[in-house]
Each structure stands twice: as structure tokens, then as C-alpha cells.
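Derivation of every value follows stated rules applied to the coordinates shown; laboratory data play no part. A quick note: this is a predicted structure, and the numbers were derived from the prediction, not measured. All Cβ positions, glycine included, derive from the backbone under ideal geometry; neighbour counts span all protein chains shown.
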Amino acid sequence: MKNKVEDWLERLARSRHEKTLLFGASFAETVIVPIPIELILVPYMAIHRARMFWLATIVLAGCLAGALFGYLLGYLFFETAGRWAIETFGWQAGYAEFLELFQNHGFWAIIAVGIIPIPFQIGMLTAGAAGYSLPLFLLAAFIARGVRYYGLALIVYLVGEHVIDAWRHNRRALLVGCGVAAGLLLAGYYGYKLWW
């Protein structure tokens with residue numbers, strides 16, 4: 001797996017279609033692909049540190065396009081395609097849990113599912129099926145995934161070459177660390193909003 005990812009990163013760096021490929025990979029990950037975009041984004045940012053915030057912007061744009069697609073799928077076809085996806089990918093428990101969270105917290109629930117490692121597809125389908133405000137949904141997705149991708153860029157900026165070493169030796173620990181950092185940021189903000 002690691003060799004395939006490294007080969008893909010080398011091809012991506014040489015490609016004239018870098019932006020399109022990153023946008024497409026982010027769109028696909030948001031809509032259906034179960035492989036986190038961070039597997040390619042983190043090392044690619046570390047290799048191209050001068051452009052890492054621009055890379056985060058491209059990936060965020062692909063994610064928002066995918067989020068819009070997922071929202072519309074939930075809005076127009078939840079009873080058919082939406083329920084099929086939930087059952088096919090085994091998201092029933094996650095859907096039931098998120099539905100309760102969404103009914104109680106709406107906007108903040110979408111932000112939470114956009115940052116923490118719960119399938120974002122559930123949030124998209126649920127928001128669409130509920131007819132939740134599209135501008136608010138996109139704003140929540142923008143905030144959540146912006147924190148995630150720009151947060152990764154900030155981590156790469158601060159840690160530098162150590163990111164490549166961590167990725168080569170233990171990618172899972174790197175992803176968990178990035179996820180924990182994003183989760184702590186969200187938890188701190190959400191806790192602040194609840195208590196004050």
C-alpha cells in the first residue's frame with residue numbers, strides 16, 4: 001500500500017493535472033471512497049511545503065463539491081439511494097446516532113461529523129433528507145473540513161520533515177494524531193459554546 005501511495009504521489013507531482021486530480025480525489029473521498037484523503041495529502045503537503053495551504057484549498061473545494069452532491073442525493077433520493085448507501089456500507093448505527101445529534105444540534109452536528117472520524121456521508125444524506133438549509137449546510141461543511149485540511153497544513157508547517165518520517169514509519173499514528181488535534185479543537189470550541 002505504501003509503495004502504491006508513494007508512486008501515486010510521484011506521478012501527481014509530475015502531472016499537469018495536479019489540481020484536477022487532488023480535487024477529484026477529495027470529491028471521491030467525500031462522496032464514497034473509504035480511504036482518507038490525508039493518506040496522500042499529508043505527505044504531499046510535506047513535500048510541497050511552499051504550496052501546502054493552496055493544496056488544502058484545492059482539497060477543501062473538492063470536498064465541498066462532494067458535500068453538495070451528497071446533500072442533493074439525500075434531498076432528492078434519500079428513500080432509495082440514500083437508504084441503499086446506509087445499508088450497503090453498514091452505517092445504520094452511525095446514522096441512528098447522528099440523526100439524534102442532528103435533530104438536537106443541527107449546524108453543530110454537521111461541523112462535528114465533518115471533523116471527527118464518522119462517515120461524513122451520513123451527515124450529507126441526513127441534512128439533505130431533512131431539507132436543512134443548504135447555505136448553512138455548506139457553511140458547516142466549510143468550517144469543519146477547513147479546520148481539518150488547514151489544520152493539517154498547519155501541523156505540516158510546524159513539524160516539517162518529521163511528518164514524512166512519521167508517514168513512512170507509522171501512517172496510522174500520524175492520522176490518529178491529526179484527528180485527535182482536530183477533535184480537540186472542535187471539542188474546545190463546542191464546549192465553550194455549551195457552557196458560555
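Relative to the compact-globule scaling 2.2 N^0.38 Å, provide the ratio for the alpha-carbon radius of gyration of segment 21-111.
Normalised Cα radius of gyration, segment 21-111: 1.26.
Please give, to one decimal in nm, the separation of the simple spin-label points placed at VAL33 and ALA93, each 7 Å out from Cα toward the Cβ.
With each label placed 7 Å out from Cα toward Cβ, I get 2.7 nm.
Once Rh for segment 59-115 is found with the Kirkwood sum over Cα pairs, what is the Stokes-Einstein diffusion coefficient at 37 °C and 0.692 mPa s, in µm²/s?
Stokes-Einstein gives a translational diffusion coefficient of 267 µm²/s.
What value does segment 14-72 have for Rg/Rh, both radii from Cα atoms and Rh as Kirkwood defines it?
Over the Cα atoms of segment 14-72, Rg/Rh equals 0.98.
Where q = 0.26 Å⁻¹, what log10 of I(q)/I(0) comes from the Debye formula for segment 41-80, counting one point per Cα?
For segment 41-80 at q = 0.26 Å⁻¹, log10 I(q)/I(0) is -0.78.
Using a Förster radius of 35 Å, what is the FRET efficiency between PHE77 and TYR157 based on their Cβ-Cβ separation? Nearest 0.05, please.
0.30
Could you give the length gained by full extension between PHE107 and ALA65, i.e. 0.36 nm per residue of separation minus their alpha carbon distance, to one decimal place?
So the chain would gain 13.3 nm between PHE107 and ALA65.
Using a basic spin-label model with each label point 7 Å from the Cα along Cα→Cβ, how many nm lie between TRP84 and ARG51?
According to this spin-label approximation, the distance is 3.8 nm.
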